[in-house]
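The next block holds one structure in the form of structure tokens; read it before the comments.
The values are calculated or read from the model by the stated rules, or taken from the named source; none is laboratory data. Since we're looking at a predicted model, the values are computed, not measured. Neighbour counts are summed over all protein chains in view; Cβ atoms, including those assigned to glycine, are modelled from backbone coordinates with ideal geometry.
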DNA sequence: AATAGAGTTAACGTAAACGTCAAGATAAAC
DNA sequence: GTTTATCTTGACGTTTACGTTAACTCTATT
């Protein structure tokens with residue numbers, strides 16, 4: 001397996017962010033690439049963490065919250081059951097956060113449906129109500 | 001009907017924000033309460049707009065984006081069909097934004113499921129996989 | 001050997017979204 | 001009629017999440 005590695009500008013281009021963002025995320029402890037001499041070398045795992053970070057950002061999480069979420073993904077499984085239980089509790093907490101956001105989305109979409117119907121009504125048109133508001137493959 | 005009205009601190013307490021936030025949102029054009037003398041008086045409609053704003057904030061929208069969303073809700077229906085079509089296009093755009101966020105949530109939840117299963121596996125437990133990750137009353 | 005290209009740290013700048021005084025107006029309560 | 005509470009408008013401060021030079025280093029050519 002060809003353990004792929006990336007330079008800072010590789011990742012920056014791939015995700016249309018700037019190198020500065022990657023250095024900043026590193027400063028905040030989100031990603032910690034190894035170094036080749038002084039230059040940063042990003043692994044596939046680092047890339048995954050970056051993806052997670054950017055998803056979190058799109059959802060409005062702070063970098064601190066994102067760091068907590070990312071740390072859940074750490075494949076270095078702890079042996080200590082207490083740490084595992086701690087992980088599970090954190091997991092459930094973050095799941096709640098996400099479900100709350102999901103509900104916010106749903107309510108906003110519902111309200112938008114009403115607006116659309118009203119607008120369509122004013123336009124004198126008619127159409128099948130409440131369709132395609134969410135992708136249907138929810139699970 | 002008892003057209004309910006609210007003071008700035010009424011709304012602040014109700015939503016656990018500060019008056020400063022309400023004044024700031026007004027400055028940015030999100031809410032425009034009428035005045036009793038010099039004091040702000042918030043209507044039921046203003047309250048609704050505030051709820052929308054806070055939902056948008058929880059989802060990570062900027063105040064500018066939130067303003068756009070809120071304006072969609074304006075019950076003063078335009079007569080001009082071109083404006084209505086414009087409204088409909090905007091509506092679809094915002095829906096897309098929301099659906100993107102929804103997909104981000106779903107992917108994060110899926111990844112969390114995997115982590116949980118791994119942790120439970122390490123704990124030597126077993127359980128019904130992939131349940132209760134989202135509220136079931138999606139529509 | 002000089003030049004270009006990509007990387008580095010350090011430091012200051014900035015936009016967004018408020019927080020935090022300060023100083024005054026106003027209305028209600030005593 | 002004066003304290004008390006609540007409001008107002010500035011105006012400056014703060015945190016987050018980067019942007020933007022600046023000054024250097026290090027290979028990699030040419």
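Going by what's in this entry, would residue B:59 be described as under 12 Å from the mean Cα position of the chain (by Cα) and touching a residue at least 40 places away in the same chain (Cβ under 8 Å)?
Taking the combined requirement at face value, the residue satisfies it.
Select from region A:52-64 the residues that are under 16 Å from residue B:104 (Cβ atoms) and surrounded by fewer than 15 Cβ atoms within 10 Å (Cβ to Cβ) and list them in ascending order.
Within region A:52-64, A:62 is the sole residue that qualifies.
Pick out, from region B:23-139, the helices (runs of 4 or more DSSP H) lying fully within it that include 3 or more residues that are at pLDDT 95 or above and facing another protein chain (nearest Cβ under 10 Å).
Fully inside region B:23-139 and qualifying: B:44-58, B:81-122.
For residue A:31, are the conditions met, namely being more than 16 Å from DNA strand C (Cβ to nearest atom), under 30 Å from residue B:123 (Cα atoms), in contact (Cβ under 8 Å) with a residue 12 or more places away in the chain and out of contact with any strand residue (DSSP E or B) (no Cβ under 6 Å at 6 or more places or on another chain)?
no
What's the number of the condition residue B:105 fails, among (1) free of Cβ contacts under 8 Å to residues at least 12 places away in the same chain; (2) farther than 30 Å from residue A:95 by Cα; (3) touching a helix residue (DSSP H, G or I) at 6+ places or on another chain (Cβ under 6 Å)?
(2)
Would you be able to say whether some residue in region A:68-78 is surrounded by fewer than 13 Cβ atoms within 10 Å (Cβ to Cβ), touching a residue at least 24 places away in the same chain (Cβ under 8 Å) and closer than 27 Å to residue B:117 by Cβ?
Yes.
Can you tell me which residue in region B:2-22 is nearest to DNA strand C (Cβ to nearest atom), limited to those that are part of a loop (DSSP other than H, G, I, E, B) and either at positive phi or in contact (Cβ under 8 Å) with a residue 40 or more places away in the chain (or both)?
So the residue we want is B:16.
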